[in-house]
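What follows is a set of notes on a single structure, which appears directly below.
The values are calculated or read from the model by the stated rules, or taken from the named source; none is laboratory data. If you're wondering where the values come from, they're calculated on a predicted model, not measured in any experiment. Quick reminder, even Gly has a Cβ in these numbers, built from the backbone with ideal geometry, and neighbours come from all protein chains shown.
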Amino acid sequence: MENIQTLSIWASNPWRRYSISLITILIGYFFGSSLGMVSAVVELMDPVAAFLSVVFIEFLIVLRRNFRFKREKKFLVLLLDSLRLGLFYGFFTESLKLL
């Protein structure tokens, strides 16, 4: 948690905060599209991969609810939301490719 606080202090500049948020969205998109691609190729793990994806996104939502009202965790909430958005966007674009 100390690293997140140090990163939060470093990201007090709005441009740094937006760049870290964009990097987190792109990392989430990479993992979301990779997981969708791998599970589509294997075809045996589709239900398991979908279940694990939903569980992970729900876990991120629960973490967001726990950190929402703590002012010192505001940057962590931004990172969690960015990761969740990137994952969801990656899953969505992969689902459009599978149609």
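Does the stretch 64-94 hold any residues that are free of Cβ contacts under 8 Å to residues at least 24 places away in the same chain and touching a Leu at 6+ places or on another chain (Cβ under 6 Å), and which are they? Across the stretch 64-94, the qualifying residues are R64, F67, L80. Restricted to helices (runs of 4 or more DSSP H) entirely inside the chain, those with at least 3 residues that are at pLDDT 85 or above and surrounded by 12 or more Cβ atoms within 10 Å (Cβ to Cβ) are 14-42, 46-67, 74-98.
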